[in-house]
Structure formats: C-alpha cells, structure tokens
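One structure is given here, and the rest of the page talks about it.
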Amino acid sequence: MKFTLLKEVQTVSKQSKEEIRRVTFGKFGNEEDIYEEQEHSDEETPKVHQDKKPSLVQKFKDTFVKKQEEETPELWTGQTSVLDIIAPSSIDNGSRDYVVVDGIYHSYLYVAGYGYNTRNEMAWLSPLVEAGDNIGISFTFRRMPREKILSRISQKTMLNRSRMRDVGDTRQDFEELDDAISSGYYLKEGMNRAAQDFYYMSTVIEVTAYDEEDLEQRVADVMTLCSSMSMVCKRADYKHEQCFLSSLPVLSVEPDIERKARRNILTDSLAASFPFSSFEVYDEGGIFLGLNKYNRSVAILDIFDSDKYANANGCIFGTTGAGKTFLLQNMALRFRMQGTQVFIIAPVKGHEYIDACEAIGGKYIKIAPSSKDCINIMEIRKTSLSTDCEIKEDTRNDSILAEKMQSLMIFFSLIKNDITQDELNLMDSAVIRTYETFGITFDNKSLFEEDGSFKKMPTLKDLYEELLSKEDTKKLALMIEKFAVGSLASFGRETNVDLTNKYIVLDMTEMTDALKPIGMFMALEFVWDKAKESRIQKKVIFLDELWTLMGCGSGTRNLAGSYVNEIFRLIRGFGGSAIQATQDLSSSFSSDAGKYSKEILNLSSFKVILHLEEDEAFTAQKYLSLSDEETMQIIRNGRGEALLCANKNKVCIDIKASPLMYNLITTKRTDLEKRRKK
Ligand SMILES: Nc1ncnc2c1ncn2[C@@H]1O[C@H](COP(=O)(O)OP(=O)(O)OP(=O)(O)O)[C@@H](O)[C@H]1O
Ligand SMILES: [Mg+2]
C-alpha cells in the first residue's frame, strides 16, 4: 500500500513537472524534456542527479583549489599563489538582487530558454553586446551528440503526434502540441538534410555599478532593451554568485541557470548569433583615429595598406570649428610617431601648427615676404633623377639641371601670366648662364663638390644680375626684380632652413591671394622633390583649408588646383599619401575649381566628414553617395564626431586625442585662456 502510494505521488509529481515545463518552455519544451530525460532517467533520484552535476562552486573548488593543493609542494604552502592574485579579495552575496565583488555591485540576468524569437536576422544579438559600458554578456554554446538528439527528437515527435490524435482541435494545448511537432520536424530536417549540428545555448547578462541605485537603473535599461528585442530576460534572484561564476571565461555554467536559460539552436542560427556585426575599421599597423560611436571599438586606419585601399589619399570635410585641423594634426603626429615623413601645407592659420611642430621636434617654415625663412627656388636638391635606383641598379643619368629648368619656367609663367615664348627662351638661356657661373652644367657630376656635397647654388638675385648684364634681357630683369631686390627679396635668397626634418610645416598664411600660387608653387616644388626621392619611404602631405588655394586664379590659370591635382594623382607611385581638408564644400565644388575638387575626391580612398550644415551636408550626400541616414548623421555630428568612409565601410567615430596631444593642438579660446593663466 505504502509502495503504491509512493508510486502514485511520483507519477503525479512527474506529470505536473512536465506540465509546468511545457507551459514554461512553450514550443521548445519538447527538446528540454528530451535533454532532461536523457540526462537522468526516471529511476535516477535527485541525489544521483546532484552527483552527476555538482554545483558550480563545488566544481570550481575541485578544479582550481584542489588541483593547486595537489600540485603545490609542501614547502610552498601558504605562499601567494596565482589563484590568490586573480581571486577577488571579498565577495558579499547576502542580497537577493546582486553580489558585491571587491566593492563593485554585480547583478545578473539570463535570457529565459523560451524567451528568444523564433526567427532572427543576422547578428541579432549585437544590440546586447553594444548595450554600453558596465554591461557584459556571456554566451555559452554546447554541442550535443547528433545521434542521441536525433533519436530523441524522433521519439518525442512520434509521441506528440499520437497525443495529438487524442486531443481535439478545440483544446487549449492543441496549438502547443502542433508547434512542438513542427519544431521537431524543423530540427530533424536541419540535422538530417542540411547536416547541421544541435547546440544548447545560454545567455547570461552581467550588469555592474558602483552603487545600488545605478545598478537598478542599468538593470531596468537592460530589461527594456531585451523586451524591445522581443526577448524575455529574468533576473537571477538569489543566484547571482552562481551567475558570477558562470560568466567567468571557463566554459562552465551553473546547472540550474543553464537549465533555465537553455535554448536549442542549429548551426545556422548559431552562426547568425555572432554578436559583433557593426562595421568597423581596424587595420593592423595603422594609426588610431578615434572610437566607434556605437560599439566603442577602436577605429584604426592604415591608409598605406595597398591590399585594402586603392590609394592612400584622403579628404576631410567639415564646417568651421568642426575639428578638421584637430584631426589633421592628430593624424600628422601619429604618422610621425610611426616614422613616416610628414609635410603640412597650411595656407591659413599656420600658427595652429606651431606648438605640436615644436613638441615633436619638427621644422616650422614660414613662407612670407616678411619671413626670415627662405627656400631658394633655384636650388637643386635631388641627388638622382631616378627614384628607382633604390630598388634596382639604374644606369640612366638624365640631366638634373634640365628638369629643374622646366619647373623654373613654370615659376616664371606664374610671376608673369602673359609671358611669351620669346621671353621664356631668353629666360632659359639666362638661367643656364647663371648656373654656369656657379660651375653647374647639364652634366650631373658638375653639381657636386669633390667631397660629394652640393655646390653653392645660384639664387634669383644672381639670375637678376645676369639678366641685367645683357641688353636684350634687361626688360626681363624687371619681372623678377621684386624677388631679387624688392619687397619679396626673402624669396630670392639662399636656403637657410633645414629641409631634412621628418615633420615639416609650411605656413603660407601671410601670402596674399595674388602671391598664394607662387608660395604654393615653392612649397609644392620642395615637397615634390622630397616626395620623389624615394618610392619606398612612406610620406604624407597634408593640405589644410584647400579651398583657399583652389580659389586662386580661375579657369586654365588655376595652377594651384592643377598642382594639387597632380599630387593626388601621382603620389601613390612614390609611396605617399595626400590628405586635404576643406570647409566650404558648395563653393569648392561649384566654382571654376570644382573640376579639381571632384577629381581630388575621386582620387581619395578615404573620406572623413565632420559636422556640416544642412546645405553642405546635402552637397556632400550628392558627391559622396551617402544615404539619407548618413546625411542626417553628419548634420547631427557634434564637435569631433565624424563619419568615416573607408572603401565600402562607413563608420561613425569620435575623434580622440591624448591629453598631451589635445593641449598641443587645441585652438579653443577657453583652453588658450587657461594656458595663459598658468
Ligand atoms: N575630436 C575633438 N576632441 C576634442 N576637441 C576637439 C575635437 N575636434 C575639435 N576640437 C576642438 O575644437 C577646436 C576647433 O577645431 P579645429 O580647429 O580643428 O576646427 P576646424 O574644423 O579646423 O575649423 P576651421 O575651419 O575654422 O579651421 C579645436 O581647437 C579643439 O579645441
Ligand atoms: Mg582649421
């Protein structure tokens, strides 16, 4: 009698257990049952179950503490061990809602086994991972043996079908049974036909905070996030310690939590659950630009990676004060730190570059009529005409002087727009004579002294005197008089600045609009000479506020535009990169120079768009093929926030500088005021 009663109680308990689980686990309840049955049969008492699955705390003790005790020689007992170092110094698990580990509140939630969506898109778990700081996610996947699972599913489906026959379609659980059967078919088909594997997955969410109030707020946020994703998450009341252990990276989940959070999935769903989906820019060996605005991953760009990017050129757009110069200098400093040669051409506000330039040991050169710095336009700096001699033995020995003469002729036509061919011819012979007086001829050997150094080079003043000495060229002397003895005499002297520095800033702020093309020519001629020295050495030319140069001259006379264009077109061949920043998008695309702006844009593989006003943003949308959302993002961007377009990747980033760099670069009035007060 006693025995029968016991049997009866057991049957009722099993039935109600099954019922509860079926209701709780819904559609996937069947598979849960399979697992339960498989893990411990009817005959097994809870004790046996307990033995089979010891608590996680016990497991940890067995694995780590016992092992350590066994392995530690007697002499060493009592000494500080690795375990002592990595283990927290205190854990308070007296609360229902959290555990406090080393003063930090940890609260845990798990996604209930029945709480997932049946159908999901790719990377459907990424919102959880991107939920922000202080929220950690721990996913556990366990592959189950196919054969066992398959036979269980078959059995269970068969059972359900026979049950279904007894159940009228008006009964409450009819749909549930129907669902369970179709799930069984789905799993069987996936495993048999598509050769997928069967996994159990569990998700534990960790929320941390320094105090209880923050913790509760964050837990509520996570719950809202989960319900917005149609997921049911439960707080692990009284089980936070076990969850803490379960979320350690040791691939062990507390059995009780696992049972509640367990969900079956097949291989394709497992692949789709990979949570890191957001586009990111991470090129090994590149320079740090900032943090991804959405998932806080770092944005590291290696523009010199020719496998990824067709060229190393870039464009930066942004309204005034958006942070163009800030980004540009950040990049320049980081390139320099990597040993890359950096040139910065600053047509306006060159003073913004002085501090950083001095701090990194660079050379700041001011190209201006009033400046003491002088770059001799007639100086020959190249040691070889052939850049390829670095790579292969080169026997060509073309005349370096002849090449220099060509660029001098461009310079003369810049000074006098309507220069005739006759005048150019006269100039040509005068230039040759001037070089000859310094012992320099078309023979490259004549360029060098016996000790291998360059000979003294003529200046525009010498050319001026040469022109004056002949009757037929006297008139031409007038043309360069300004540069030889007049107000622009500083351009006609010998070079007196060190041009071998790896960080060179060329400031042209004080050049008037009329003089800018000349200043630009001098700067670019020098930069080009340096750039062409090597095809192997990396170099970057930064052009800030390019729009101010593009406006110089118009139509075919827009020489500044065509120089810049040439740089963007050719620099890749010399292992270099050209990066420009522009403020005024609409006018730089619509004026005469628009043609150059568009070409430059097409020649750039990466673009950074900082904040733009609405009008400008729509112009950017047109030329950069941005989506509406991306355009709105540009309008919404705050200072230092940007849309980075590198190849097909478009990522929103927060541009970051270290405090040291920030202090060197900032031009904010308030920062400068603080500095003055110090
Ligand atoms: N990413 C950033 N982080 C912190 N501060 C920034 C950032 N970007 C810009 N700033 C601040 O904004 C100031 C103005 O930025 P910046 O000089 O780069 O503007 P700009 O776009 O070059 O403007 P303009 O076209 O007028 O030259 C900087 O001096 C700096 O103090
Ligand atoms: Mg600026």
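The values are calculated or read from the model by the stated rules, or taken from the named source; none is laboratory data. As the structure is a computational prediction, the values presented were derived from the model and not from experiment. Quick reminder, even Gly has a Cβ in these numbers, built from the backbone with ideal geometry, and neighbours come from all protein chains shown.
Of note:
- Met231 being touching a strand residue (DSSP E or B) at 6+ places or on another chain (Cβ under 6 Å) and of a type outside the set (S, T, N, Q): yes
- Complete set of residues in the stretch 648-669 that are in a strand (DSSP E or B) and either within 16 Å of ligand 2 (Cβ to nearest atom) or at positive phi (or both): Ile655
- First in the stretch 285-309 and touching a residue at least 60 places away in the same chain (Cβ under 8 Å) and β-branched (Val, Ile, Thr), second anywhere and surrounded by 21 or more Cβ atoms within 10 Å (Cβ to Cβ) and assigned to a loop (DSSP other than H, G, I, E, B), Cβ under 7 Å, 6 or more apart: Ile303/Tyr309; Ile303/Ala312
- Residue list for the stretch 103-133, filter: part of a loop (DSSP other than H, G, I, E, B) and at pLDDT 90 or above: Gly103, Ala112
- Test for Cys645: is it away from ligand 1 (no atom under 15 Å from the Cβ) and either in contact (Cβ under 8 Å) with a residue 12 or more places away in the chain or touching a strand residue (DSSP E or B) at 6+ places or on another chain (Cβ under 9 Å) (or both): yes
- Residues of the stretch 402-414 satisfying the condition of being over 16 Å from Tyr563 (Cα atoms) and of a type in the set (A, V, I, L, M): Ala402, Met405
- Test result for Lys324, within 14 Å of ligand 1 (Cβ to nearest atom) and surrounded by 20 or more Cβ atoms within 10 Å (Cβ to Cβ): yes
- Qualifying residue in the stretch 358-378 (condition: within 16 Å of ligand 1 (Cβ to nearest atom), in contact (Cβ under 8 Å) with a residue 12 or more places away in the chain and surrounded by 16 or more Cβ atoms within 10 Å (Cβ to Cβ)): no
- If you filter the stretch 625-645 down to residues that are crowded, with 20+ Cβ neighbours inside 10 Å and of a type in the set (A, V, I, L, M), you find that the one that is farthest from ligand 2 (Cβ to nearest atom) is Leu626.
- The strands (runs of 3 or more DSSP E) found wholly in the stretch 296-363 and carrying at least 1 residues that are more than 16 Å from ligand 2 (Cβ to nearest atom) occupy 298-301, 341-346.
- The stretch 294-309, subset farther than 26 Å from Gln583 by Cβ and out of contact with any Asp or Glu (no Cβ under 7 Å at 6 or more places or on another chain), residue surrounded by the most Cβ atoms within 10 Å (Cβ to Cβ): Phe304
- Those helices (runs of 4 or more DSSP H) of the stretch 410-512 in which at least 1 residues are among the polar types (S, T, N, Q), considering only elements entirely within it, cover 421-437.
- Ile653 surrounded by fewer than 20 Cβ atoms within 10 Å (Cβ to Cβ), among the aliphatic types (A, V, I, L, M) and either farther than 19 Å from Leu524 by Cα or modelled with pLDDT under 90 (or both): no
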